[in-house]
1. How far apart, in nanometres, would the label points at Arg332 and Glu225 be if each is projected 7 angstrom from Cα along the Cα-to-Cβ direction?
2. Pick out, in residue order, every one of the GluC sites (Glu not before Pro) in the range 1-59 that is DSSP loop and has at most 12 other C-beta atoms within 10 Å; say none if there are none.
3. Fully extended, how many nm does the chain gain between Ala23 and Asp311 (0.36 nm per residue separation, minus their Cα-Cα distance)?
4. Assigning unit charges at the beta carbon (Lys, Arg +1; Asp, Glu -1) and nothing else, what dipole magnitude in debye, to the nearest 20, does the range 144-282 show about its Cα centre?
5. In a Gaussian network model over the chain where Cα atoms closer than 10 Å are linked, find which of Arg352, Arg295, Arg260 has the largest mean-square fluctuation.
6. Are there trypsin sites (Lys or Arg not before Pro) in the range 184-242 that DSSP puts in a loop and that have at most 15 other Cβ atoms within 10 Å, and which ones?
7. For Thr138 paired with Glu345, estimate the spin-label separation in nm (one decimal), with each label point 7 Å from Cα along the Cα-to-Cβ line.
8. Run the count for the chain, please: Lys pairs, Cα-Cα under 27 angstrom, 8 or more apart or on different chains.
Amino acid sequence: MRIGVLGAGQLGRMLALAGYPLAKKFVFYDMSGSPSVGLGEVIVDREGQYLEDFLSRVDRVTYEFEHLPVQIAERIAAEKPVFPSPRALQVCQNREAEKTLFGELGIPTPQWRIADSAESLKQAAEALGCPVVAKSNTEGYDGKGQAVLRSPEEAEAAWQAIGHPRLIVEKFVEFSREVSIIAARAEDGQISFYPMAENAHHEGILRYSIAPAPKLSEDTRTEAERYIRALLSELDYVGVLTLELFETATGLVANEMAPRVHNSGHWTIEGAVTSQFENHIRAVSGHALGDTSPRGVSCMINIIGEHGDIDSILKLPYAHVHLYDKGERPGRKLGHINVLADSYEELVWRVRNCVEFLPGSPDFDCSLTRL
């Protein structure tokens, strides 16, 4: 089977690496003009001239990056199966549509308002009560297009800094930690859940994911599975879906969804029986899903900005290095390291050994280290 992938970055790279053992072939369609996938056949098409050529080379289509024109996905869907559906793409690209859908499905979200000017941003901040988080309604990721307002008087500066014509303004959530749940759904409706991960961010970028999330109650896990199952069903979803959540004193509050394989699921490459990448390929190819059980406990460490001393990390027998073949640049994801252990105590020790070789990495701060 020939699988077309919209986008040609590191997620596409890992999808292909998981799909090749299943005898899949890959063609990547890049509209940015800067592909980094580094393997497979890549069609670079900034002007939309080669879409028909791309379609002639593939049997089914998926995507590794959600910030692409929905009309392109809809045009492709008229000729070839596209998984997940263009509707999932449309919802996740628009935070207002996403929050509205969450509300319709009974998935709790922060209180929110829409602002289309500095004045309406100030009014939203006053109505919700500061602090609030203002985000571009579309196009934001990895902390981009966001600002925290500590008082309504900061609205003008925030509006100018974000530079987007329409913002969603959310009441700040008092949470104990951020978690995510990743699920896969096959064409026949089969659903598999991965253990939830605890995620630690720094400067708006994910730095660590620990799975299974420590000290997670059964009620919390069941609640998260109920929410993501509702999304999978409503969207008639095929593939891997991620739901980011805040854990609060009164239960889970949804942050956002991602209709693709996700950074907080990279631990599954070595840490689960079947990785999120293989299960996505299985789903979009029409196959049964694989086992999502964990192999012990894992931590994924993102390599950000600088590679550091990779050779020293490679000497550690419990560290698995994945590099994306990208040049160094502040804030850029260059790769990740998966650390496996038999216990959480052992995991903390091993992660700290790895982080010593990564310049500028923030302290390994998670519920484990605060016991």
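The values are calculated or read from the model by the stated rules, or taken from the named source; none is laboratory data. Predicted model, so just to flag it, every value in this text is computed and none were measured. No Cβ is skipped: glycine too gets one built from the backbone with ideal geometry, and neighbour counts run over all protein chains shown. Ligands, DNA and RNA are excluded from the accessible area calculation, which covers all protein heavy atoms including side chains. Shrake-Rupley method; radii C 1.70, N 1.55, O 1.52, S 1.80 Å.
1. Going by the 7 Å Cα→Cβ label model, 4.1 nm.
2. Hits after loop and neighbour filter: Glu47.
3. Result for the pair: 100.5 nm of gain on full extension.
4. Computed about the Cα centre, the dipole is about 160 debye.
5. Its mean-square fluctuation being the largest, the pick is Arg352.
6. Lys215
7. Each label point is offset 7 Å from its Cα along the Cβ direction, giving 5.3 nm.
8. Taking the Cα cut-off of 27 Å, the pair count is 22.
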